[in-house]
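Only the coordinates and a few stated rules stand behind these numbers; no lab work does. Quick caveat: nothing in here was measured; it's all calculated off a predicted structure. Cβ sites come from the backbone with ideal geometry, for glycine too, and all protein chains shown count toward neighbours.
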Amino acid sequence: MGGRVLSVASECVPLVKTGGLADVVGALPSALAATGWEMKVLLPAYRTLRAQAANWPVVWQEADLWGGPGRVLAGDVEGVPILLLDAPHHYDRDGGPYSSPTAEHPDNAVRFAALSWVAAGIAREGLDGWKPDVLHAHDWQAGFAPAYLAYHGNGGVKSVLTVHNIAFQGWAPAHMLGVLRLPGHAFHPEALEYYGGISSLKAGLVTSDWITTVSPTYAAELMRPEFGMGLQGVIAARGPVVSGILNGVDTGIWDPAAEEPAFGPKSMAGKAAARAALCAEFALDVPGPLAIVVSRLTDQKGIDLLPAVVPDFILGGGGLIVLGSGDPGLEAAVRNLAARFPGRVAVRIGYDEAMSHRLFAGADAVLVPSRFEPCGLTQMYGLRYGTLPVVSLVGGLADTVIGASPAALAAGVATGVTFHPVDAMAFGRAMAQLLDLYRQPKLWAKLRTNAMAQPVGWEASAAAYASLYERLTA
Ligand code: ADP
């Protein structure tokens, strides 16, 4: 049992991060270690990463990586085995992974084809003494890697593609097919062709041995037009090899016992103190449940629904703190709520990790009314901190929160409040239910205990990935 996996991605915590993809890629190698699966992560050597790899040994060379040579340097970052693809003509640039300080790089298709090409090469041939059993590609940036295995020989390696965000699909014009080292015979709708061009995500979806996404519900949703963003038919056609594996959260970082004041399922006094401190920090006086939103302020996250539901919640005794930034119109809308309800609603526009910990520790509920949510993390922080999640029934939210329905209450298993469809009416009813639950201290305590007992760490996810690798290589 066990084996070797080459993970290939454009982001990995703690080296480079623009979104949740980086958290997953960075967490998996250590989480998998206990399962007997050894994972190395291949990443581009962006300008910001080159200095720390200066003394790493070269373990792979590539003479022609679209305009220059490339080499792979091997090292270790906080216990995670890292392979950095050093190809300065592609990656030694100003700005983030995908863009210069002013605009998206026009050659991203080739930049990430290069990463995928090297990943396929290493997977196929192996490094000196290290031959992978599985190539695990993440999102559009690594989508060509399974395709290169499929069209240039796979060396006995199985491939997995994980979709973290279907919205980004890696498009290139049709005339690039040969340049991208893809075969002309595969340029048809059942294979590489996508709306007249080429999509690296679609290429990965049609050529990988298995497809995962970051929650079981999102896996099913992706086969429907409302969520699939054009790729629903492609994913549905591959239905038998599609599955959802929930992300975990870092329970070392998100740990109520490590907060100040500390608390836990058996000693909630610290949480009460954290609530009092939070109300003092934000000058709030809230007789009912204190809710928080910690989020990008976008329509995806359902933030536009807040103005319709918050007034009744406030009338019912509730309070709200919003921490986030994003759409200027939504920032203005939540600011306006704070102006209308001083002492009950507070808003901080910005990104502040330390503050987010204080919010989860001190609040009674966290609101996540997303229109779509591949996995979602904040509802899991809420569970762990006994900060009851109020969530729409989409994606990973539906898979992680058990709503306080009569049946769930009777069975004693509820962990939060859920609603559907994603509109102000259903969200408003959920907020009314939250007020109602809060008025029943015994029931509230039971929900909190249930929530805090939910496993939200990486163990279950790692076990699911390990068993997928086992099945593929059996
Ligand atoms: P998404 O990746 O779609 O934004 P997730 O729930 O998967 O949503 O992850 C969002 C992460 O970013 C969480 O860790 C959340 O706590 C954090 N976050 C979002 N906005 C802020 C903010 N303004 N300040 C601090 N942390 C934030």
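Using Cβ point charges alone (K and R +1, D and E -1), the dipole size of the chain about the Cα centre works out to roughly 800 debye. Positive contributions from Lys and Arg (+1) and negative ones from Asp and Glu (-1), summed over other residues with Cβ under 13 Å from the Cβ of His164, come out at -3. Here the alpha carbons of the chain define both size measures, Rg and Dmax, at 23.4, 69 Å. Kindly express, to the nearest 10 degrees and within the range 0 to 90, the angle between helix 20-33's C-alpha long axis and the longest C-alpha principal axis of the chain. With both axes taken from Cα atoms, the answer is about 80 degrees. Using a cut-off of 25 Å between Cα atoms, the listed pairs Lys158/Lys301; Lys271/Lys446; Lys158/Lys202; Lys266/Lys442; Lys40/Lys158; Lys271/Lys442 include Lys158/Lys301 as exceeding that distance.
Cα centroid separation, the range 132-169 to the range 275-292: 47 Å.
When the charge dipole of the range 256-453 is built from unit charges on Cβ atoms (+1 for Lys and Arg, -1 for Asp and Glu) and taken about the Cα centre, the candidate among Gly317, Val413, Val294 whose Cα reaches farthest toward its positive end is Val413. As a rough guide to protection, the peptides 359-365, 463-469 ranked by mean Cβ packing within 10 Å, highest first, stand as 359-365, 463-469. In terms of its alpha-carbon gyration tensor, the range 256-453 comes out rounded; the largest-to-smallest axis ratio a/c stays below the 1.5 threshold.
Sort out for me the Cα centre separation of the range 1-32 from the range 417-458, rounded to whole Å. Spelled out, the Cα-based centre of one part sits 32 Å from the other.
At an R0 of 35 angstrom, the distance between the Cβ atoms of Asp423 and Ala453 translates into a FRET efficiency of 0.65. Each of Gly20, Ala274, Gln379 was placed along the dipole of the chain (beta-carbon charges, centred on the mean Cα), and the one lying farthest toward the positive end is Ala274.
Potential lengthening of the chain between Arg238 and Val58 amounts to 61.0 nm, from the contour at 0.36 nm per residue minus the alpha-carbon distance.
As an exercise, use a Förster radius of 51 Å and the Cβ-Cβ distance of Met1 and Met229 to find the FRET efficiency, rounded to the nearest 0.05. Intermediate values should be presented prior to the final figure.
Numbers: r = 37 Å, r/R0 = 0.73.
Given R0 = 51 Å and the Cβ-Cβ separation, E is 0.85.
Fewest-first ordering of Arg47, Arg348 by other beta carbons within 10 Å of each residue's beta carbon gives Arg47, Arg348. In the chain, the calculated helix contribution to ellipticity at 222 nm averages -11000 deg cm²/dmol per residue, counting -39,500 (n - 2.57) for every DSSP H run with n ≥ 4.
Taking 7 Å steps out from each Cα toward its Cβ at Ala269 and Arg439 produces label points 3.1 nm apart. Of all DSSP bridge pairs formed entirely within the range 256-453, close to 5 percent run antiparallel.
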